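Trainee: Please read through the structure below; I'll follow up with questions.
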Amino acid sequence: MVTSSEKKKAPILMYHSISEHTSPKYKPFAVSPALFAEHMACLHQLAYTPITVTQFINARVKGSSALPERPVILTFDDGFADFFTGAFPTLLRYGFPATLYVTTAFVNGTSRWLRREGEATRPMLTWNQLTEISAAGIECGGHSHRHHQLDTLPLAQAQDEIVHCKKLLEDHLGQEVSTYAYPYGYHSAAIKRLVLQAGYTSACTVKNEMSSEVTDPFALVRLTVSPDTNLDALAALLIRRSPTAVTRMYASVMTWAWQLARRGSASLMRYQGELDCY
């Protein structure tokens, strides 16, 4: 009998902005184009095979033999315009597919939800750019409509964020959108059900752990890439071991406590009329 620890693991790397320019508060989420190019060269030299999130989900149904020997999944959150200039050319150079998660309310505009980080004017991708990206083999997934913490919203509002995002992407790209990423990684059992009911086949969170063939497809865990992720750090991410049971239990308790604090804060923000980005 094959145990879960023997199942093939697949690192899912999570990038955000691919840019040298960032505010101090957003610096941890911006990787320079030069460093990103080094990362991709490293993956190529180490014989990793990038696949999309949906390819990973589809291959899991067939078993380990359907996955590449060294799979890796490249994901990019939010849909910043610097993906088109800082990441897309490098991905094309190596023929690497990737999954780009798009926050649809801000397409053709700027990242207004990041005003507290001093990044409200960061340009976002346009629909024309997204069409070109999609045609080149980059998977486009949903990342909500307005980048709210979904597990703090009334379920009807969360459902609208999830469904409206999918519809806009499918209408503009002319193809099915199958994968989703929870804004900030935050989700709950109810939010997972809404994503499933909307017609997605997978969803990503964060958690900084390695996904495998037995990871919940609606709670795929990812590894955060930062501007401090040099080649040695990248190599360490690619072979990251799963945490111990004690570590998982501690993380679960801390997550529960943090959720209570966030939900209380979100309720206050809604009361003050500050939650909407418009």
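Trainee: Inspect all residues belonging to the range 57-69 and state whether any of them is open to solvent by 40 Å² or more (accessible area, probe 1.4 Å), touching a Ser or Thr at 6+ places or on another chain (Cβ under 9 Å) and closer than 30 Å to Leu114 by Cβ.
Mentor: No, every residue in the range 57-69 fails to be open to solvent by 40 Å² or more (accessible area, probe 1.4 Å), touching a Ser or Thr at 6+ places or on another chain (Cβ under 9 Å) and closer than 30 Å to Leu114 by Cβ.
Trainee: Ok, one more. Among the listed residues Tyr180, Tyr186, which satisfies the condition of being open to solvent by 10 Å² or more (accessible area, probe 1.4 Å) and either within 15 Å of the chain's Cα centre (by Cα) or modelled with pLDDT under 95 (or both)?
Mentor: Tyr186
Trainee: Checking Arg146 against (1) farther than 27 Å from Ala198 by Cα; (2) assigned to a loop (DSSP other than H, G, I, E, B): exactly one of these is not met. Which one?
Mentor: Here Arg146 clears every test but (1).
Trainee: Could you list, in sequence order, the residues of the range 131-143 that are closer than 17 Å to Cys165 by Cα and either assigned to a helix (DSSP H, G or I) or open to solvent by 50 Å² or more (accessible area, probe 1.4 Å) (or both)?
Mentor: If the condition is that a residue be closer than 17 Å to Cys165 by Cα and either assigned to a helix (DSSP H, G or I) or open to solvent by 50 Å² or more (accessible area, probe 1.4 Å) (or both), then Thr131, Ser134 are the ones that fit.
Trainee: Tally time: how many residues in the range 79-130 are of a type outside the set (A, V, I, L, M) and assigned to a loop (DSSP other than H, G, I, E, B)?
Mentor: Qualifying residue count for the region: 13.
Trainee: Show the residue pairs meeting these rules: Cβ distance below 6 Å; 6+ apart or different chains; first residue within the range 148-159 and more than 19 Å from Val102 (Cβ to Cβ); second residue of a type in the set (A, V, I, L, M, F, W, C) and buried (at least 19 other Cβ atoms within 10 Å of the Cβ).
Mentor: Short answer, once both residue conditions are applied: Asp151/Ile191.
Trainee: Can I ask one more? Would you check which residues across the range 194-210 are assigned to a loop (DSSP other than H, G, I, E, B) and touching a Lys or Arg at 6+ places or on another chain (Cβ under 9 Å) and list them?
Mentor: Across the range 194-210, the qualifying residues are Ala198, Gly199, Tyr200, Asn208, Glu209, Met210.
Trainee: Out of Val206, Val214, I need the residue that is under 22 Å from Pro68 (Cβ atoms), open to solvent by 10 Å² or more (accessible area, probe 1.4 Å) and modelled with pLDDT under 95. Which one?
Mentor: Val214
Trainee: Let me confirm something: among Thr110, Thr90, which residue is touching a Ser or Thr at 6+ places or on another chain (Cβ under 9 Å) and either farther than 23 Å from Val72 by Cα or modelled with pLDDT of 95 or more (or both)?
Mentor: Testing whether each residue is touching a Ser or Thr at 6+ places or on another chain (Cβ under 9 Å) and either farther than 23 Å from Val72 by Cα or modelled with pLDDT of 95 or more (or both) leaves just Thr110.
Trainee: Residues that are of a type in the set (Gly, Ala, Ser), crowded, with 16+ Cβ neighbours inside 10 Å, within 13 Å of Ala198 (Cβ to Cβ) and touching a Cys at 6+ places or on another chain (Cβ under 9 Å): does the range 158-173 have at least one?
Mentor: No, the conditions are met nowhere in the range 158-173.
Trainee: List the pairs whose first member sits in the range 18-32 and is farther than 20 Å from Asn230 by Cβ and among the polar types (S, T, N, Q), whose second member is open to solvent by 30 Å² or more (accessible area, probe 1.4 Å) and part of a helix (DSSP H, G or I), and whose Cβ atoms are under 9 Å apart, counting only residues at least 6 apart or on separate chains?
Mentor: The qualifying pairs are Ser23/Glu117.
The values are calculated or read from the model by the stated rules, or taken from the named source; none is laboratory data. Remember, it's a predicted structure, so these values are computed and weren't measured experimentally. Note that we place each Cβ from the backbone using ideal geometry, even for glycine, and neighbour counts take in every protein chain shown. The area values use the complete protein model at the heavy-atom level, side chains included, leaving out ligands, DNA and RNA. Shrake-Rupley method; radii C 1.70, N 1.55, O 1.52, S 1.80 Å.
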